[in-house]
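What follows is a single structure, written as structure tokens, with notes after it.
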Amino acid sequence: MLETQDLTIRFGGHVAVNAVSCAFAPGTLTAIVGPNGAGKTTYFNLISGQLKASSGSVHLNGRELGGLPAAERARAGLGRAFQLTNLFPKLPVLENVRLAVQAMRPGAHRRGLNLWSIWSDHRQLTARAEDILRTVALWERRDDAAASLPHGDQRKLEVALLMALEPQVYMFDEPTAGMGHDEAPVILNLIRELKKDKSKTILLVEHKMDVVRELADRIIVLTNGQLVADGEPAEVIASPVVQQAYLGVGADGEEAA
């Protein structure tokens with residue numbers, strides 16, 4: 001269970017996230033929607049530790065994470081994917097993922113000078129990385145530098161890094177941003193596969209309402225940093241105030257261009 005309690009951040013006189021309290025249960029994909037500037041990504045940054053809250057708290061399985069930096073929150077079980085890819089650009093694809101696997105097993109490379117143990121550990125880490133690359137359809141690009149990948153493949157690699165971290169909570173910030181019509185379905189299919197694991201919690205910031213309708217078990221709506229709606233997708237989407245003010249849908253029920 002991930003929970004925020006009165007989570008707030010102020011930038012000078014501007015309250016970007018205002019006392020948001022919300023709990024997210026395993027086995028549920030929650031879409032976080034709202035207009036530009038509503039505070040969605042800032043809320044993500046507060047949860048994952050990229051920003052320090054002015055007040056309020058974040059809890060994972062009853063443990064308060066408020067004093068932990070982003071790296072320690074990742075170790076605690078929060079996995080975050082960004083709008084912009086966050087990779088080791090000069091390293092091969094396989095090495096990117098292998099390093100992420102190794103990061104979750106910090107003792108694997110500190111077992112003295114037993115060469116057999118070192119080789120065995122390396123082989124296990126590499127095998128796990130290879131399995132993940134097959135899952136995200138990047139096996140054929142395993143030896144290519146991450147920077148050489150097209151944007152869609154870089155997004156797939158970022159999902160692979162998340163999978164390598166084996167988080168309890170997956171956080172996707174507009175995972176299909178900048179992707180073409182042919183590329184986006186691959187990422188969405190990966191998220192569908194992650195949803196099958198009912199021990200995981202998934203949070204999704206997404207502007208594309210067709211994606212939200214298809215994937216979400218629940219929708220919360222932020223505007224001006226405040227939580228203004230929370231419920232099942234059909235209920236939230238059908239709310240006139242949400243349609244007109246927050247989702248870009250006019251009175252005729254059609255989505256705005």
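Taking Ala145, Ala70, Ala216 as the candidate residues, the one with maximal mean-square fluctuation in a Gaussian network model of the chain, Cα springs under 10 Å, is Ala145.
Among (1) 19.4, 70; (2) 24.5, 86; (3) 19.9, 78, which one is Rg and Dmax of the Cα atoms in Å computed from these coordinates? Given (1) 19.4, 70; (2) 24.5, 86; (3) 19.9, 78, the structure-derived one carries the label (1).
Within region 2-245, DSSP assigns beta bridges of which about 55% are antiparallel (rounded to the nearest 5).
Taking every lysine pair in region 2-245 that is 8 or more places apart or spans two chains, those with Cα atoms closer than 30 Å amount to 22.
Each value in this text was obtained by applying a stated rule to the coordinates, not by laboratory testing. The shown structure was predicted, so the numbers you read here are calculated from the model rather than taken from an experiment.
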